[in-house]
Structure formats: structure tokens, C-alpha cells
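The values are calculated or read from the model by the stated rules, or taken from the named source; none is laboratory data. In this text, all values refer to a predicted model and were calculated from it rather than measured experimentally. Because the Cβ atoms are built from the backbone with ideal geometry, glycine has one as well, and the counts that use them run over all protein chains shown.
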Amino acid sequence: MTYREALTYIESTVTFGGKPGLRRIRALCELMGNPQDKVRVIHITGTNGKGSTAAMTASVLRQAGYHVGLFVSPYVDDFRERIQFDGELIPREDLVRELEEMIPYVNYLREQGFLHPTQFEMETAMAFAYFARKQCDFAVVEAGVGGLVDCTNVVKTTEVAVLTSISLDHTAVLGPTIADIALDKSGIIKDGCDTVITPLQPEEAKTVIETACRERHARLTVPDMGRVMVQSRALSGSQVIYDGEELYIPLAGEYQIRNAVTVVEICRALQRRGFAIPKEAIAKGISMTRMPGRFETVRNTPLCILDGGHNPGAVEALCRNLDESLRGRRLIAIMGMFADKDFMSCVKNVASRADVFIATSSGQPRSQEARTLAGIAKRDCHEVYWNPDIETAARIALSLASYGDVILVCGSIYNIAPARAVLAAQ
């Protein structure tokens, strides 16, 4: 099997599904020797901020001298971003080997009456197999959707459960309220593990998480933003002092400060559990974190920013960044979203700040039509265009932009790579 054939096989499984639950992933992992039980896990769920928190945590642990696996979703530029070891993408030949070794188990399960594993289940099992093979000291694992029956919750070796910012998203699966969503995401909290939550959680979410921690004898830590002193903030990142320790956070936005202090508390929880993590490793690891598609600047003239936020909470955070850092500059927004997201409120939030709005498509089967997004944007922006091809939309934006303008691409992580190909290359 070639690498391209492996990707084709994996991507073909996106149509498979079934009733949510852990029965299938548990059966698959058991056939593979339960690789998930052979690594210590930092398990991260939440509505927004999971990817940044996971990346910073993995970076810190590497600086502390540990071998670290990182499993995240979705990817931005390369499928192999989903499975990383010590800061490097899984090599193509290793991905092919893990898939080839797993396929006989998949076929056996189907013979036993199981539905075909989903794409995410297969990716999760491959990641754990790879991490076990590499003898990771820690695996930093980002949940997919929710927590309780998310297939990453097959893990039993959780050292720290992390819940980042919780807001309304995936309500058809997780429930209609913040409390419902928090209850599902609290499913990653294991008996006796440490739990860290991002500060400034909604009270209804915090109450649910506190109850889960009490029931499972899991020590809970909530970072105190009152102990944060912001020294400077810019598009390139923030310089802060937290509990007397200086931190440089190379990711823009106030919410990234919250994510960073969450990472500090994750490390302190690990220290309490007997793991050596010097404070110098914490500061250096956070400072060296790189995250594509998170208010990422890819060009300075005109200023071009890419942001993959795709739900109301993420778009509100994005808009706060715009208001704080770029108020007064002419804004050309390119936006494509999935039809199963709250696209109406997200488009309104961005369009009300844009001088020019270009609606596009995220290029996926779930994408909302560009024409529909344009119709919504016209209520709040006087100059609106639409084009279903995001690369063409990016070229239109460049043709309309002057020296001091800002081009923003947002609405989906799937917009990032094709937009970057145009905007960063000019």
C-alpha cells in the first residue's frame, strides 16, 4: 500500500458511522493489544481552545525531556498533523504500516457483525498504536466531539483531564444547553485523575464539572485570571506574568492567555503527581508553540490573517481580536462555513465589522452555499460578493485590497490551506 492509497482508504471511511458509543473502538483496540493503555494521557476536550492547549502542553512536555505523542483534529495542511511524535509528523511509511496492521482487525470486526469503524475511530486507534510503538512518556490527546462517548475516551490512563472553553456547539449530539454539553465533556474525567479547566467558564458548566470531580475524587484546578498581569499584547502574541512567572505566548488573543495559564496549571498538576517539569521548560515550551490557522498572520502588506474558528464562541473571540487590534482599518472578510454550524450568528458577527464581505465555500460536503452566506451578510455589510472557490475568493480580496487594509479568512479550518496558498504566495 502506498501513502496515497492509505489516505484514500482512510478518507473513504468518512461515510461509515453508527450509533455513538465506545463498543466498536474498544473492540478494535483490544484486537490491537490495547495500545491506549500503554501511554500516560493528557486528555483535552472543550468547545474552543483544545488545539492550542494541546499544542502548548505537548511543547512544554518535550522541553521537560519527555517523549510526547500528540493527537489533534482536524488538520490544516497535512493529514499527518493529526498524529505527531516529539514535534514531528508521523512519517508516511509509519502511517502506512499502522494502517496495514489494523485493516485485518477491521475486517474481523465486520465478520463479527460490527459496523465498519468510522474514520475518526480508525485514526484514534492508529495514533495509540503509533504512540505505544514509540514508547511515548505522554500522549496529549484532543477529543473529537464531546467526551463521554467520544472514541478517544477509550483511554483509562488519564493523568490530567482538561476542559477548555465550553459554549454551544454540536447541540444535536451533545444537548441543547451549556450544562448538557459540560456533562458530556465531563465524561473524560477519570477516577483519581487531576482535572484542569480553562478560566472564565460559564457558571452552569463549572457547576457540572465540579460535581463530576467530586463524584470521581478528581482534584480540580481552575486558573485565576486575577493572578495574570498582561505586559503587552500584539498580533504576534502576548507577554504576561502569571503567579510571578514570565510567559511569552506567541498566539494572538486574550483567549490564548487563558489557554496558556491552563497549560501552566496542567504542568503543576503533573508536578503534584510526581513528574519533573522545570518552570523553565514551561516558559520555553509555551514560547515555542506554533499553531497554523489561529489568528495567524501570513502576509503583512496587505495584512492577511487566517482563523479557523467555526462556531459562535470562536467567532466572538475572533471579533474581540479584531476590535482590540485592528479597529479603524478597512476589513475585507472571506468566510465559508458548514451548514450544520450556527452560520447565521457567525456571519452577522463578522459582516457587521467588515467593509467588504466575500462569501465562499469550505470545500466540504457539509459546506453551506456561498450564495446563502452572502444573503445573510448583506444585512450588515454594504459591499458583498460570493464565489464558491476559496482560492478565487482570496484573489478577489487581493484585487480589492489597498496597502493598509486587512484581509481576514475565517469560518472553518478547511479554509486555511487553500487561502494560504494564494495569500502567502503573492
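Which residue is surrounded by the most Cβ atoms within 10 Å (Cβ to Cβ), if the candidates are limited to region 104-127 and must be free of Cβ contacts under 8 Å to residues at least 60 places away in the same chain and either assigned to a helix (DSSP H, G or I) or not assigned by TED's automatic domain parsing to the domain that holds residue 23 (or both)?
So the residue we want is 127.
Restricting to region 346-371, name every residue that is at pLDDT below 95 and under 21 Å from residue 295 (Cα atoms).
Scanning region 346-371 gives 361, 362, 363.
Six or more apart or on different chains, Cβ under 8 Å: which pairs go from a residue in region 144-165 that's assigned by TED's automatic domain parsing to the domain that holds residue 261 and in a loop (DSSP other than H, G, I, E, B) to one that's among the small types (Gly, Ala, Ser) and surrounded by fewer than 24 Cβ atoms within 10 Å (Cβ to Cβ)? Could you list them?
144/73; 146/187; 147/187; 148/187; 149/21; 149/187; 150/144; 150/187
Which of the residues that make up region 207-227 are buried (at least 19 other Cβ atoms within 10 Å of the Cβ) and over 24 Å from residue 154 (Cα atoms)?
223 - this is the single residue of region 207-227 that is buried (at least 19 other Cβ atoms within 10 Å of the Cβ) and over 24 Å from residue 154 (Cα atoms).
Check whether at least one residue in region 64-80 is over 21 Å from the mean Cα position of the chain (by Cα) and acidic (Asp, Glu), and report yes or no.
No: region 64-80 contains no residue that is over 21 Å from the mean Cα position of the chain (by Cα) and acidic (Asp, Glu).
From 99, 115, 89, 109, which residue is under 30 Å from residue 286 (Cβ atoms) and aliphatic (A, V, I, L, M)?
89
Just one of the numbered conditions (1) touching a Leu at 6+ places or on another chain (Cβ under 9 Å); (2) surrounded by fewer than 24 Cβ atoms within 10 Å (Cβ to Cβ); (3) of a type outside the set (A, V, I, L, M) is not true of residue 294; which one?
(2)
Since residue 374 meets every condition but one in (1) in contact with a Phe, Trp or Tyr (Cβ under 6 Å, 6 or more places away or on another chain); (2) modelled with pLDDT under 95; (3) surrounded by fewer than 22 Cβ atoms within 10 Å (Cβ to Cβ), which condition does it not meet?
Unmet for residue 374, out of (1) in contact with a Phe, Trp or Tyr (Cβ under 6 Å, 6 or more places away or on another chain); (2) modelled with pLDDT under 95; (3) surrounded by fewer than 22 Cβ atoms within 10 Å (Cβ to Cβ): (2).
What do you reckon, is residue 358 touching a residue at least 24 places away in the same chain (Cβ under 8 Å), more than 19 Å from residue 318 (Cα to Cα) and surrounded by 24 or more Cβ atoms within 10 Å (Cβ to Cβ)?
Numbers: touching a residue at least 24 places away in the same chain (Cβ under 8 Å): yes; more than 19 Å from residue 318 (Cα to Cα): no; surrounded by 24 or more Cβ atoms within 10 Å (Cβ to Cβ): yes.
So residue 358 does not fit the description; no.
Pick out the one residue from 342, 380 that is at pLDDT below 95 and acidic (Asp, Glu).
342
Report yes if some residue within region 32-41 is outside any helix (DSSP H, G or I) and charged (D, E, K, R); otherwise report no.
Applying the first criterion (outside any helix (DSSP H, G or I)) to region 32-41 yields 32-34, 39-41.
Filter again for charged (D, E, K, R), leaving 40.
Yes, region 32-41 has at least one match.
Would you pick out the residues in region 395-418 that are among the aliphatic types (A, V, I, L, M) and either farther than 25 Å from residue 74 by Cα or modelled with pLDDT under 95 (or both)?
If the condition is that a residue be among the aliphatic types (A, V, I, L, M) and either farther than 25 Å from residue 74 by Cα or modelled with pLDDT under 95 (or both), then 396, 397, 398, 400, 401, 406, 413, 416, 417 are the ones that fit.
Cβ-Cβ distance below 6 Å, separation of 6 or more or different chains: which pairs start in region 411-426 with a residue that is under 14 Å from residue 335 (Cα atoms) and in the same structural domain as residue 301 (by TED's automatic domain parsing) and end on one that is part of a helix (DSSP H, G or I) and not acidic (Asp, Glu)?
Every condition considered, the pairs that remain are 415/390; 418/390; 419/390; 419/394.
Given (1) within 21 Å of residue 225 (Cα to Cα); (2) in contact with a strand residue (DSSP E or B) (Cβ under 9 Å, 6 or more places away or on another chain); (3) not assigned by TED's automatic domain parsing to the domain that holds residue 238, where does residue 282 come up short, assuming only one miss?
Condition not satisfied by residue 282: (3).
Quick one: residue 14 ticks every box in (1) among the hydrophobic types (A, V, I, L, M, F, W, C); (2) surrounded by fewer than 15 Cβ atoms within 10 Å (Cβ to Cβ); (3) part of a strand (DSSP E or B) except a single one, so which number is it?
Exception for residue 14: condition (3).
If the requirement is being at pLDDT below 95 and of a type in the set (D, E, K, R), which of these qualifies: 191, 184?
184
Wholly within region 226-307, which strands (runs of 3 or more DSSP E) include no fewer than the required count, namely at least 1 residues that are more than 30 Å from residue 347 (Cα to Cα) and in contact (Cβ under 8 Å) with a residue 12 or more places away in the chain?
On the way: elements: 228-234, 237-242, 245-249, 296-300, 303-306.
Because the criterion is at least 1 residues that are more than 30 Å from residue 347 (Cα to Cα) and in contact (Cβ under 8 Å) with a residue 12 or more places away in the chain, the strands (runs of 3 or more DSSP E) in region 226-307 that meet it are 228-234, 237-242, 245-249.
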